[in-house]
Amino acid sequence: MRRRLVPPGIFVLAAGLATALLFPQTQPPAVRFQFNVPVRMRDGVTLAAHVFLPKKEGKYPVILIRTPYGKEGEQAGALYFAERGYAVIVQDTRGRNDSDGEWYAFKNEADDGHDSIEWAAAQSWSSGKVVTMGGSYLAIDQWLAATRGSSHLAAMVVLVSP
């Protein structure tokens, strides 16, 4: 009796199909972005911000994340929300990373946060509604910015905060 062997090409095809099903390729995010966009504060100091926007042109509600820890740590979340219809700004606080000025914990956060909210609301891609987001230092930063009373501050997502 003669045995039939499966051609080796079938194994290659099966392995390729299994790989494709188990490890699907990720698509590049459907997001436009600009890195280190300068945002001027009332005293002339420039803060650096990464801006993530949905691919489609339009006006979007804005999520503002201000951090002393580096913008890159917030990038995955920014992509997530931008892919779902939000403009996202991730900004280095004064004197930290790519932003100008000198850093003193919490000293300038109220004015800088307010100025950043106003800047975000004035952009051509902004709906004028700004949500702040973050935990710990980023949460306290939000509380301080809110004391300045911007009419554009629609909500705050405050995590791990007193």
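The values are calculated or read from the model by the stated rules, or taken from the named source; none is laboratory data. Because the structure is a prediction, the values reported are computed rather than measured. Cβ: placed from backbone, ideal geometry, glycine included. Neighbour counts: every protein chain shown.
At-a-glance table
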{"item": "Residue list for the range 120-162, filter: of a type in the set (A, V, I, L, M, F, W, C), over 20 Å from Gly70 (Cα atoms) and buried (at least 19 other Cβ atoms within 10 Å of the Cβ)", "result": "Ala121, Val130, Leu153"}
{"item": "Selection count, the range 19-65, where residues are touching a helix residue (DSSP H, G or I) at 6+ places or on another chain (Cβ under 7 Å) and either at pLDDT 95 or above or polar (S, T, N, Q) (or both)", "result": "13"}
{"item": "Residue that is farthest from Ala121 (Cα to Cα) [pool: residues in the range 38-79 that are aromatic (Phe, Trp, Tyr) and in contact with a Pro (Cβ under 9 Å, 6 or more places away or on another chain)]", "result": "Phe52"}
{"item": "The range 33-53 residues that are closer than 17 Å to Lys71 by Cα and without any contact (Cβ under 8 Å) to a residue 12 or more places away in the chain, paired with ones that are in a strand (DSSP E or B) and not small (Gly, Ala, Ser) (beta carbon under 8 Å, 6 or more apart)", "result": "Pro38/Thr46; Pro38/Leu47"}
{"item": "Restricting the range 26-41 to residues that are in contact with a Leu (Cβ under 8 Å, 6 or more places away or on another chain) and either crowded, with 20+ Cβ neighbours inside 10 Å or among the hydrophobic types (A, V, I, L, M, F, W, C) (or both), the residue that is farthest from Asp111 (Cα to Cα)", "result": "Val31"}
{"item": "Val12 vs. criteria closer than 25 Å to Trp125 by Cα and either modelled with pLDDT of 95 or more or exposed (fewer than 11 other Cβ atoms within 10 Å of the Cβ) (or both)", "result": "no"}
